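Visitor: Supplied in structure tokens, the structure appears directly below.
Bear in mind that the values in this text are calculations on the coordinates, not laboratory data. What you are looking at is a predicted structure, and each value in this text was computed from that prediction instead of being measured. Reconstructed Cβ throughout: ideal geometry from the backbone, glycine too, with neighbour counts over all protein chains shown.
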Amino acid sequence: MPKSTFFNLPEHKKDHLLHAAKEEFSRVPLNEASIANIVKTAEIPRGSFYQYFEDKEDVFYYLLMKHAEEKRKEFAVIMNQNKGDLFATIIDAFEIIIKDEVNYKFLKNTFLHLTHKTESIFAKSFHDYGLDKPFDQMSVLIDQSNLNVEDEKELFHLFRMVTTITFQNIVDKFALDLPIEQALENFKIEMRLLQRGLLKTDHV
């Protein structure tokens, strides 16, 4: 997390520094990113950077956390628009992500160099690894009437399955450089398989 001196900055200065950092992480992945480039773009002394952040990982994960939180709020809005339909919402959200030209390079570098910490930041913004507050906030928006789940625990695991498949399809989109239409169709097929179930009814 940023140091208190960062949070004490005026908003426009915080935004300018974060924009400079995001520009660098959009150019190259985290392991290749340069603090020298960030401070040059931000037009601040290198020493000032260390007054605000511990290192480049600190600012990168803060940016990622902010982006994940924005996506969680966006997801909630889409869920309301779809009247609680989980699968319609996840498909709409996936399409928005892969069509996001503003964040495309940043997300591509992020998803093509996923680490456990990176994935957990996204996961925790939606469901974490237990029935916690973020999931509780999300679950009340889901219309469970057409879902084959018996309780909140099963709903939680269904949501984890859906988000895990979503992450993998985002990685595939970037790694294979798939056209948007192809990536979306692949994702819809996997969502339809989940909706339909994987066993024929006479084998259940």
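Visitor: Compute, for the stretch 13-108, the length of the dipole vector about the Cα centre, with Cβ point charges of +1 (Lys, Arg) and -1 (Asp, Glu) only. Units Debye, rounded to 20.
Guide: I would put it at about 140 debye.
Visitor: Fewest to most neighbouring Cβ within 10 Å: what's the order for M79, M65?
Guide: Fewest to most other Cβ atoms nearby, the residues stand as M65, M79.
Visitor: Mind computing the radius of gyration and Dmax over the alpha-carbon atoms of the stretch 64-203? Å is fine for both.
Guide: Radius of gyration, then largest Cα-Cα span, for the stretch 64-203: 15.0, 48 Å.
Visitor: Might you report the magnitude of the Cβ-based charge dipole of the chain about its Cα centre, with Lys and Arg at +1 and Asp and Glu at -1, to the nearest 20 debye?
Guide: Magnitude of the dipole: close to 420 debye.
Visitor: Find the Cα radius of gyration of the stretch 1-54, compare it with 2.2 N^0.38 Å by division, and give the number to two decimals.
Guide: 1.06
Visitor: Describe numerically, in nm with one decimal, the distance between label points set 7 Å from Cα along Cα→Cβ at L193 and at Y104.
Guide: 2.8 nm
Visitor: Could I ask something else about it? Of the GluC sites (Glu not before Pro) in the stretch 29-106, which ones lie in a loop per DSSP and count no more than 15 other C-beta atoms within 10 Å?
Guide: Taking the stretch 29-106 and a limit of 15 other Cβ atoms within 10 Å, the loop GluC sites (Glu not before Pro) found are E43, E54, E101.
Visitor: Follow-up. At a Cα cut-off below 15 Å, give the aspartates and glutamates reachable from K173, other chains included and same-chain residues fewer than 8 away excluded.
Guide: Within the straight-line cut-off, K173 pairs with E95, D100, E101, E181, E185, E190.
Visitor: To make sure I understand the rule: partners must be lysines, Cα under 27 Å from the Cα of K40, and not fewer than 8 residues away in the same chain. Which ones qualify?
Guide: K40 reaches K3, K13, K14, K22, K56, K66, K105, K108.
Visitor: Relative contact order for the chain: what is it in percent, counting Cα pairs under 8 Å that are at least 6 residues apart?
Guide: Relative contact order comes out at 21 percent.
Visitor: Students often forget the sequence filter, so: which lysines lie under 23 Å Cα-Cα from K153 once same-chain residues fewer than 8 apart are removed?
Guide: Here the lysines satisfying the reach criterion relative to K153 are K73, K83, K124, K133.
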